[in-house]
Structure formats: C-alpha cells, structure tokens
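The values are calculated or read from the model by the stated rules, or taken from the named source; none is laboratory data. Owing to the predicted nature of the structure, the values given are computational and were not obtained by experimental measurement. Because the Cβ atoms are built from the backbone with ideal geometry, glycine has one as well, and the counts that use them run over all protein chains shown. Ligands, DNA and RNA are stripped out before the accessible areas are found, and what is left, the full protein with its side chains, is counted by its heavy atoms. Shrake-Rupley method; radii C 1.70, N 1.55, O 1.52, S 1.80 Å.
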Amino acid sequence: MSKKAERTTAYIIETVAPIFNKFGYVGTSMSDLTEATGLTKGAIYGNFENKEALALSAFEYNRNHLLEILDEKLNIEGSALEKIFSLLRFYRQYDVFTLPFGGCTILNVGVDAQNNNSLLAAAVKETIREIEGKIALVLENGVKNGEIHLPVPPLQFSKQLFTMIQGAVAMSTMTRDRKYLVNTIAYLEHLVQKEIKK
C-alpha cells in the first residue's frame, strides 16, 4: 500500500470512528460517512471491503486508544494499590475522556452490536477480557509482593471491579448524570482501601 493510500485509510478511520461509536453500526449511514470524510462512497470502499470492515476498524481505533491510556494508568511507578487508584482516578473523569469519541466504546458498540453484528460483538467481548486481564495482573503482582490481600482470585476481583465501573459508566450515560460515575468510583476507592490494602 502506498503512503498516500495509508494516509487516506488512516484519515477515514479517524474520521468515522466517533460516528460509528455514537450512532452504531446500523444507525450509521453511508451518507453520514461520505459527509464526514468529504470522500465518495467509491473512495471509502476503495479502502475497505465493506461497511462491516470499516466499522470494525473504527472500533479497533477507539479500543486501541483506550487500551493505551489504561496501560499508561496501570504501568505507573509504585505499588499495586497505587496502580489501581491511578486506574480509578482515570475512570472518575471517563465521561470527559470519551466525549470526543461519542461516548464509551465498550458500552456503545457492545450494546449496539449484540443483535446485529457478531464480529463487532466478539471484538468488544475480547476487549473486556483484555482489560480484566490487565487489572488482574496488577492485582496478582500485588499479592505476590505482599502489598495487598484479596478475598477472591485476582481475575474474579478484577471482573467485579470492572463490572462496577462499566455499570457506573452505563448509568451515567443513560441518565446523563455523572454522579453515578463519581459516586461509584468513590465507593470503589473506599472498598479497595478497606478490603485489599494490607
């Protein structure tokens, strides 16, 4: 692929990623995509096999951006507890972080794709597993280093933690009330401090 073609492909993905994220796979029309990119239908499909391939690339673009940030928050210097608090601080401002993307990629695409796009649904499921695995690894290392104690296996604790975070994201999104997010994160910080800190 030539440099120009690569740039065009990257431009299309960056431009349409928030549109797919906001309106969903079915809710995004070809005219939405041509209008946003300023390209013809032929030019877009010259770079992508079909709408599904483009939607998947758009999800991967948003997902990769989120995973980069999560890696950054979980890989700070310090103890496992400090890493978990770093993650929770990020999620306290998550609604602000996701604004340019049209909302939470995991929530939006995950719900939208359930009944109309098995490839996207599978990609979201894989992303959730990856995030839970990253959190579990931090917890596992914390237990090994004697920094924290867990009442359940690290992956189980990670899944519960992430479930509560995503539940708060869903509630604050649906009600347009960020208190759901802020209060849940405050509760999780309290829980982590009281339950797993040694």
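Inter-label distance, Gln114 to Asn145: 3.8 nm, where each label sits 7 Å from its Cα along the C-beta direction. Computed from the Cβ-Cβ distance with R0 of 41 Å, the FRET efficiency linking Lys41 to Asn75 stands at 0.45.
Site pair Lys179 and Ser2 shows an inter-label distance of 5.8 nm when each label is modelled 7 Å from Cα along Cα→Cβ. For Lys4, the lysines whose Cα comes closer than 24 Å to its Cα, not counting residues fewer than 8 places off in the same chain, are Lys41, Lys51.
Of the whole protein surface, Val109 contributes about 20 Å² of accessible area at a 1.4 Å probe radius.
Ignoring ligands, DNA and RNA, please state the percent of accessible area on the chain from carbon and sulfur, probe 1.4 Å. The C+S portion of the solvent-accessible surface of the chain is 54 percent.
Per residue, the stretch 1-112 exposes 50 Å² of accessible surface when a 1.4 Å probe is rolled over the protein heavy atoms with every protein chain present. Label reach from Val96 (point 7 Å along Cα→C-beta): in the stretch 158-198, amide nitrogens under 14 Å belong to 178-179, 182. One compactness figure for the stretch 137-196 is 1.26, namely its Cα radius of gyration divided by 2.2 N^0.38 Å. Counted as membrane-span-like here are DSSP H helices of the chain whose alpha-carbon atoms extend 24 Å or more along the helix's own axis and whose Kyte-Doolittle mean is 0.0 or above; these are 118-144, 154-175. Counting lysine pairs in the stretch 60-189 whose alpha carbons fall under 25 angstrom apart, excluding pairs fewer than 8 residues apart on the same chain, gives 17.
Note that the chain, at 25 °C in a medium of 0.890 mPa s, gets a Stokes-Einstein diffusion coefficient of 135 µm²/s from its Kirkwood radius over C-alpha pairs. Using the 1.4 Å probe convention, the accessible area of the stretch 129-178 works out to 54 Å² per residue with neighbouring protein chains retained.
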